[in-house]
Amino acid sequence: MTDRDLLMIPGPIEFEPTVLEALGRKTLSHLDPRFIETFGKLLEDVRDVFGAPNCTPMVLAGGGTLAMELAATNVIDPGDNVLVYNTGYFSDRMARIAERLGANVDHVRAAIGEAPPLEALDKALTEKRYKIVTMTHVDTSTGVLAPVRQIASHAKKSGSLTIVDAVCSAGGEELHQASWQIDIALSGSQKALGAPPGLAIALFSQAAIEARKAKKVVPASLYLDIEEWLPIAQAYESRKPSYFSTPPVNLISALAASTQLLLEEGMSARVARHRWISHAFRAAWQALGLASLSVDPHATAHTLSALLYPTGIDASLIGAIRDEGVVVAGGLHPDAKTKYFRVGHMGSTRGGDVLTTVGAIERALVRMGYTTFEQGVGLAAANKVIGGALPHT
Ligand code: PMP
């Protein structure tokens, strides 16, 4: 592997030079007015990225999993009923977090690669009262795109709080936290938000903040208690110095740089670009005879592809693709891990990256003896989409 290899895994991703440059700058004091301005502006921008004008954003040192724990810890009490709309490995992770907090967790499940029907969700919601409904917008283990808007609307009608894991969607898929009635949306810095790994992001609605205040049990973790962080977020937004735990200055500067780029591109244009890129990939997969693990194209992510190995091909394909200069990822869902691989296409992915990736996959497949396609058909199919107009819907 070399630094010139193209990183096409579902996070971390290739990011823009200005983001790297921000990361490499001299580390300022977290109380330096320049950093206070950067962090304050980032918090404002994060609201725009998530479509969350009235929510309170928190950006903490940690992974996406920390953001999941931050969300859960502040609203779950032992004995609370939590319903998980389950689309894969990361939905299961949220369930494990809720269980550790003493919640009674139920699942609405479907076969791997499918989104559970909304009727099943409704059935569960009428059978029991749930304090919280959680969902994974894009489950990175399956490539399933959950119908978050509908799930949240059904959950709110039954009086539940909604938590959305947007780690693999924020900055790439359409997401409007406030109008979609999401109480807590959470993410990580390393995917479609376009920065290095290391930051946990979560935005809390007023109802979620009230739920923390109403909790019977104070969070066992001081670091994860939003009561500690709320004054800090407010201070940075008012451009005032404050301290609870030292913020990762360079990572925050990097995320601020990528968020600025994101808003310059415009959220709807960015979402359209992700669709366009994913359609170019989908055209290539079809031409090559590669089937998606996620079965319904309308419930399939635009930020990654999860592809079943064709007959006679196994996980050594990943190494063969790497030999062609592109890094892709293996399967993740424990029940299907060895049957598929994943290609991330989010953040700053461009048309040229699609062609580089498809070309590498074609050559690797041919080298491994998979010759049911005419070499170049995947590239031609992708190129046709790339050459078309950028969709704006
Ligand atoms: N949720 C989803 C949907 C993810 O894709 C990931 C990371 N792949 C996580 C949560 C956890 O994030 P992290 O690895 O940064 O802890």
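Do we have any residue at all in segment 56-66 that's more than 16 Å from the ligand (Cβ to nearest atom) and of a type outside the set (Phe, Trp, Tyr)?
Checked against the condition, which is being more than 16 Å from the ligand (Cβ to nearest atom) and of a type outside the set (Phe, Trp, Tyr), segment 56-66 yields at least one hit.
When only residues in segment 240-274 that are within 26 Å of residue 61 (Cβ to Cβ) and among the small types (Gly, Ala, Ser) count, which is farthest from the chain's Cα centre (by Cα)?
By that ranking, first place goes to 242.
Going by what's in this entry, would residue 173 be described as more than 16 Å from the ligand (Cβ to nearest atom) and either at pLDDT below 95 or farther than 14 Å from residue 54 by Cβ (or both)?
no
Does segment 36-45 contain any residue that is among the polar types (S, T, N, Q) and buried (at least 18 other Cβ atoms within 10 Å of the Cβ)?
yes
Taking segment 152-170 only, how many residues are of a type in the set (Gly, Ala, Ser) and either assigned to a helix (DSSP H, G or I) or out of contact with any Ser or Thr (no Cβ under 8 Å at 6 or more places or on another chain) (or both)?
5
Check residue 135 against each of (1) more than 19 Å from residue 186 (Cα to Cα); (2) within 16 Å of the ligand (Cβ to nearest atom) and name the one condition it does not meet.
(1)
Among the residues in segment 94-104, are any within 16 Å of the ligand (Cβ to nearest atom), among the aliphatic types (A, V, I, L, M) and in contact with a Gly (Cβ under 7 Å, 6 or more places away or on another chain)?
no
Of all residues in segment 361-376 being touching a residue at least 60 places away in the same chain (Cβ under 8 Å) and surrounded by 13 or more Cβ atoms within 10 Å (Cβ to Cβ), which is nearest to residue 303 (Cα to Cα)?
361
Using the structure shown, decide if residue 343 is within 18 Å of residue 8 (Cβ to Cβ) and at pLDDT 95 or above.
Criteria met by residue 343.
Which residues, taken from segment 296-325, are in a loop (DSSP other than H, G, I, E, B), in contact (Cβ under 8 Å) with a residue 60 or more places away in the chain and in contact with a Ser or Thr (Cβ under 8 Å, 6 or more places away or on another chain)?
301, 302, 303, 310, 325
Checking the conditions here, which among 201, 182 is more than 11 Å from the ligand (Cβ to nearest atom) and under 18 Å from residue 267 (Cβ atoms)?
182
Would you mind telling me which numbered condition in (1) away from the ligand (no atom under 16 Å from the Cβ); (2) in contact with an Asp or Glu (Cβ under 9 Å, 6 or more places away or on another chain) residue 155 fails?
(2)
Listed here are the residues, each with its yes/no results for (1) touching a helix residue (DSSP H, G or I) at 6+ places or on another chain (Cβ under 8 Å); (2) within 17 Å of residue 183 (Cα to Cα); (3) surrounded by fewer than 20 Cβ atoms within 10 Å (Cβ to Cβ).
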{"position": "122", "(1), (2), (3)": "yes, no, yes"}
{"position": "130", "(1), (2), (3)": "yes, yes, no"}
{"position": "133", "(1), (2), (3)": "yes, yes, no"}
{"position": "136", "(1), (2), (3)": "yes, yes, no"}
{"position": "146", "(1), (2), (3)": "yes, yes, no"}
{"position": "150", "(1), (2), (3)": "yes, yes, yes"}
{"position": "153", "(1), (2), (3)": "no, yes, yes"}
{"position": "160", "(1), (2), (3)": "yes, yes, no"}
{"position": "164", "(1), (2), (3)": "yes, yes, no"}
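List the number of the failed condition for residue 149; all other conditions in (1) more than 12 Å from the ligand (Cβ to nearest atom); (2) in a loop (DSSP other than H, G, I, E, B) hold.
Only one criterion is unmet by residue 149, namely (2).
The values are calculated or read from the model by the stated rules, or taken from the named source; none is laboratory data. If you're wondering where the values come from, they're calculated on a predicted model, not measured in any experiment. Methodologically, a virtual Cβ is constructed for each residue, glycine included, from the backbone with ideal geometry; neighbour enumeration extends over all protein chains shown.
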